[in-house]
Amino acid sequence: MVTQLTAENARQSLNAHVAAKGEEIFKKYGPQLRWKELLSLLEDRVFVRYPCEIVFDAAHLKSGEFALPVAKGPRPEDGFTMFVHPLFMTELWRVPYLVLYQLVVVNYGEFASADDAEIFGANALGLSRDEYYAALCEMADSVGG
């Protein structure tokens, strides 16, 4: 008997995959994934499929956004610039929270959802999903919008 792949099956599969990848990141880079570890993670093609650099600049961010990956070219292989709100330049310990949330877009493109981002980031940081979400809300509130 052949099982038909549905959109819900695909969603559940991606959720499980990002959860597992987040746990692997925690094992390799945790339990204190800070700025230095984040920079190493961004170079690790096991976890970040495409080149990604961080730039502290709000020009590409909408009101209330704390970070956003922007493709450098037409192909994902060209890499991404992760624009992070400059407010966080002086709070580098918070930047991994923001970048991890956006890395699912770098890795999975339009298929990634907010649920995937929360699961991935929480697992990578060794937090519950609620703890991670609360931290993100606080950071989003700090940039306004």
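Coordinate-derived values only; no laboratory data. Predicted, not measured: the structure shown is a model, and the values here were computed from it. For neighbour counting, all protein chains shown are included, and Cβ atoms are generated from backbone atoms with ideal geometry for every residue, glycine included.
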**Asked** Measuring from label point to label point, each 7 Å out along Cα→Cβ, what is the residue 71 to residue 137 span in nm?
**Response** 3.4
**Complete:** So residue 55 and residue 92, fully extended at 0.36 nm per residue minus their Cα-Cα distance, gain in nm 12.1 nm
**Asked** Excluding same-chain residues fewer than 8 positions from residue 28, which aspartates and glutamates have a Cα within less than 17 Å of its Cα?
**Response** 37, 43, 44
**Asked** Which percent, to the nearest 5, of DSSP beta bridges fully inside the chain are antiparallel?
**Response** 50
**Request:** Compare the Cα positions of 48, 9, 81 along the charge dipole of the chain (+1 at Cβ of Lys, Arg; -1 at Cβ of Asp, Glu; about the Cα centre) and return the one farthest towards the positive end.
**Result:** 48
**Request:** List 46, 99, 84, 105 from most exposed to least, where exposure is judged by having the fewest other Cβ atoms within 10 Å.
**Result:** 46, 105, 84, 99
**Request:** Could you pull out every one of the lysines with an alpha carbon less than 21 Å from that of residue 21, ignoring same-chain neighbours closer than 8 positions?
**Result:** 36
**Request:** Under 19 Å Cα to Cα from residue 62, which aspartates and glutamates show up? Leave out anything in the same chain fewer than 8 places away.
**Result:** 110, 138, 141
**For 68, 38, order by how many other beta-carbon atoms lie within 10 Å, fewest first** = 68, 38
**Fill in**
Computed for the chain: size of charge dipole around the Cα centre, +1 on C-beta of each Lys and Arg, -1 on C-beta of each Asp and Glu, debye to nearest 20, value 320
